[in-house]
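Structure, as structure tokens:
Read-outs: derived from the displayed coordinates by stated rules, not from any lab. Please read these numbers as outputs of a predicted model, since none were measured by experiment. As a convention, Cβ positions derive from the backbone with ideal geometry for all residues, glycine included, and neighbour counts pool all protein chains shown.
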Amino acid sequence: MAFPVPLPSELRDKSVSLRALTDDDWRLEYELSRVPDVPAWTYYPADMDEDYARRRIARTKERHQERLAGRYAVLLDGLPVGTAGMAEVEDAEPELFYVLSPAGRGHGAATGSVRLLTEWLSSQGFSAVALETLAGNTASERVAERAGFRNTGSHPGTHRGQAVQLNRWLRT
């Protein structure tokens, strides 16, 4: 399902900036895929090679143009330290996702990114925004709480072919 309006190419506040991923961000994808806890806690592929990272960026740009999903580089002091994004889910609230490199953690960048995306979605008429965390990912759960989301329960899911519990978070 597509968003009803074009997705922004940039969002910013005083603490963090988001900009749509560009061809040069293949390096960011490549580096994030090598941070051990990134694939462990997210759906981020592990150990991408350059070709895969470049194809992933190209697909991201297509999905942005088609208004299916927006993925952004999270910038601190102008430097990319992770990615964050949103996707519209059929018959449900739009869903947010985020991942930061170790250098980007502890500065409020994840929380700031989630707030920016939530505020933009709210300004477009969405009354609720969701995100999901793998049960046990306390760092991501703290981000959700700081950004004003509340845990609405858990449900079974899969991660890398394994059965897991997913916690659903909602902000209205």
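Counting each pair of different Cα atoms once, what's the Kirkwood radius of the range 16-65 in Å, rounded to one decimal?
11.3 Å
What percent of all Cα-Cα pairs in the chain falls into each 5 Å bin, going from 0 up to the bin containing the maximum distance?
Bins of 5 Å from zero give 1, 9, 18, 22, 23, 18, 8, 1 percent of pairs.
Counting each pair of different Cα atoms once, what's the Kirkwood radius of the range 82-172 in Å, rounded to one decimal? Each step should come with its number before you reach the end.
Values: mean 1/r = 0.0741 Å⁻¹.
The Cα-based Kirkwood calculation yields 13.5 Å.
Sort 101-109, 87-95 by the packing proxy (mean of other Cβ within 10 Å over each peptide's residues), most packed first. Spell out each step's value before the answer.
Numbers: 101-109: 16.4, 87-95: 13.8.
The most tightly packed comes first, giving 101-109, 87-95.
Where nothing but the Cβ of Lys and Arg (+1) and of Asp and Glu (-1) is charged, how large is the charge dipole of the chain around its Cα centre, in debye to the nearest 20?
320 debye
If eta is 0.890 mPa s and T is 25 °C, what Stokes-Einstein diffusion coefficient results for the range 23-103, Kirkwood Rh from Cα pairs, in µm²/s?
On the way: Rh = 13.1 Å.
After rounding, the answer is 187 µm²/s.
Compute the orientation-averaged projected area for the range 68-110 from the convex hull of its Cα atoms and round it to one decimal in nm².
Spelled out: convex hull of the Cα atoms, projected over all directions, averaged, 3.2 nm².
If you average the C-alpha positions of the range 65-123 and of the range 1-44 separately, how far apart do those two centres end up, in angstrom?
6 Å
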